[in-house]
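Inspection log for the structure reproduced underneath, given as structure tokens.
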Amino acid sequence: MSETASPTFKSAEPAAVAQYRHDGVVCLRGVFERRWTELALRGIQRNLENPGPFFRDHTATGSPGRYLFDFWTWRHIPEFSALVLESPAGAIAGELLEARESTMIMDNWFLREAGATNGAPWHHDEPYFDFEGRMCVIWLPLEPVTRSEGLTFLRASHRWGKLFAIPQFSENVPFSCEGDAYSELPDIDAHADDYEFLSWDMDVGDCLVFDFRTVHSATSKDRPLDRTIHRMSLRFAAEDTLFKPRGAWTKEISDHLIAEGQQPGMALDCDLMPRVWRAGA
Ligand SMILES: O=C(O)CCC(=O)C(=O)O
């Protein structure tokens with residue numbers, strides 16, 4: 001895709017906002033110029049050479065390709081600082097959330113190398129995070145992806161009114177989520193006829209925007225990828241979002257935010273989570 005084919009984002013089409021609201025996910029075409037995706041790739045490279053305190057290796061035993069991620073590194077990785085503070089991401093999130101303001105709550109990248117035998121299992125994002133409010137994820141692949149290489153979503157699952165206990169992403173990073181508020185995720189693959197699945201072929205510059213409650217997985221979670229795919233997940237919250245530590249399973253994250261000056265029970269307000277967009281500004 002040429003640079004002129006991916007114009008700077010101006011504002012979301014009403015149809016895109018309606019689809020986000022109805023389906024819990026929408027694919028926006030050509031909204032990130034090449035300079036942003038190239039910057040993000042350079043940022044991942046720099047971050048790999050300088051991993052942060054939250055760097056995780058989810059690579060399965062014996063896998064010929066790695067599956068890695070890191071998050072909250074934007075203040076130390078200049079490419080990510082620019083992406084967070086200057087790219088269209090904050091405006092895209094704010095418009096899709098129908099917000100007055102958008103706050104970047106987590107920069108996160110994933111690298112699935114060719115041959116990686118595992119990928120993100122079925123989950124939704126809300127139970128991983130200590131926030132209550134309107135939140136979305138911008139998922140930005142940095143190489144073209146076919147629908148079988150990207151993410152698959154359960155249409156309208158953000159409106160089921162359920163919170164699901166979250167699975168472990170891998171054997172190497174144990175994770176458990178407890179409490180009456182969380183149901184067990186159904187066996188989606190065993191009952192595929194019960195669901196409507198959404199996935200897209202995507203070019204560089206396209207992004208998905210999805211609600212924190214929309215259930216999704218890596219489409220090729222159970223089989224190796226043929227080629228390496230870098231992707232950014234940038235997470236945003238609207239102005240009504242509060243910091244509410246969730247439980248033992250998010251303690252590392254909540255402790256970090258409290259050390260950053262974020263007050264429990266209060267609106268988001270710390271340097272790590274900058275307000276990046278205001279409606280009409
Ligand atoms: O890109 C990936 O591998 C997983 C992304 C994801 O599931 C998420 O950001 O919630």
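The values are calculated or read from the model by the stated rules, or taken from the named source; none is laboratory data. This one's a predicted model, so the numbers in the text were calculated from it and none came from an experiment. Neighbour counts are summed over all protein chains in view; Cβ atoms, including those assigned to glycine, are modelled from backbone coordinates with ideal geometry.
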Q.
So Pro167 ticks every box in (1) in contact (Cβ under 8 Å) with a residue 40 or more places away in the chain; (2) touching a Cys at 6+ places or on another chain (Cβ under 6 Å) but one. Which box is left unticked?
A. (2)
Q: Check whether at least one residue in the range 134-156 is under 16 Å from Tyr20 (Cβ atoms) and more than 16 Å from the chain's Cα centre (by Cα), and report yes or no.
A: yes
Q) Out of all the residues in the range 180-197, is one or more surrounded by 18 or more Cβ atoms within 10 Å (Cβ to Cβ) and within 16 Å of the ligand (Cβ to nearest atom)? A) no
Q: Inspect all residues belonging to the range 118-130 and state whether any of them is among the aliphatic types (A, V, I, L, M), surrounded by fewer than 24 Cβ atoms within 10 Å (Cβ to Cβ) and at pLDDT 95 or above.
A: no
Q: Restricting attention to the range 54-86, report how many residues are more than 16 Å from the ligand (Cβ to nearest atom) and in contact (Cβ under 8 Å) with a residue 40 or more places away in the chain.
A: 7
Q: For the range 226-261, enumerate the residues that are among the polar types (S, T, N, Q) and within 16 Å of the ligand (Cβ to nearest atom).
A: Thr228, Ser233, Thr250
Q. Within the set of pairs 6 or more residues apart or between chains, which connect a residue that is in contact (Cβ under 8 Å) with a residue 24 or more places away in the chain inside the range 264-277 to a residue that is assigned to a loop (DSSP other than H, G, I, E, B) and surrounded by fewer than 16 Cβ atoms within 10 Å (Cβ to Cβ) with Cβ atoms less than 6 Å apart?
A. Leu272/Glu260
Q) With respect to Gly65, is the statement that it is on the phi > 0 side of the Ramachandran plot and surrounded by fewer than 23 Cβ atoms within 10 Å (Cβ to Cβ) true? A) no
Q: Considering (1) of a type in the set (Lys, Arg); (2) modelled with pLDDT under 95; (3) part of a helix (DSSP H, G or I), say which one Lys10 fails and leave the rest.
A: (3)
Q) Of everything in the range 182-211 that's modelled with pLDDT of 95 or more and among the hydroxyl-bearing types (Ser, Thr, Tyr), which residue is nearest to Cys27 (Cα to Cα)? A) Ser199
Q | Filter pass, Asp222 being acidic (Asp, Glu), surrounded by fewer than 23 Cβ atoms within 10 Å (Cβ to Cβ) and closer than 20 Å to Ser63 by Cβ | A | yes
Q | Pair list, Cβ < 7 Å and 6+ apart or interchain, from the range 103-126 residues that are basic (Lys, Arg) to residues that are part of a loop (DSSP other than H, G, I, E, B) and within 11 Å of the ligand (Cβ to nearest atom) | A | Arg112/Gly119; Arg112/Leu225
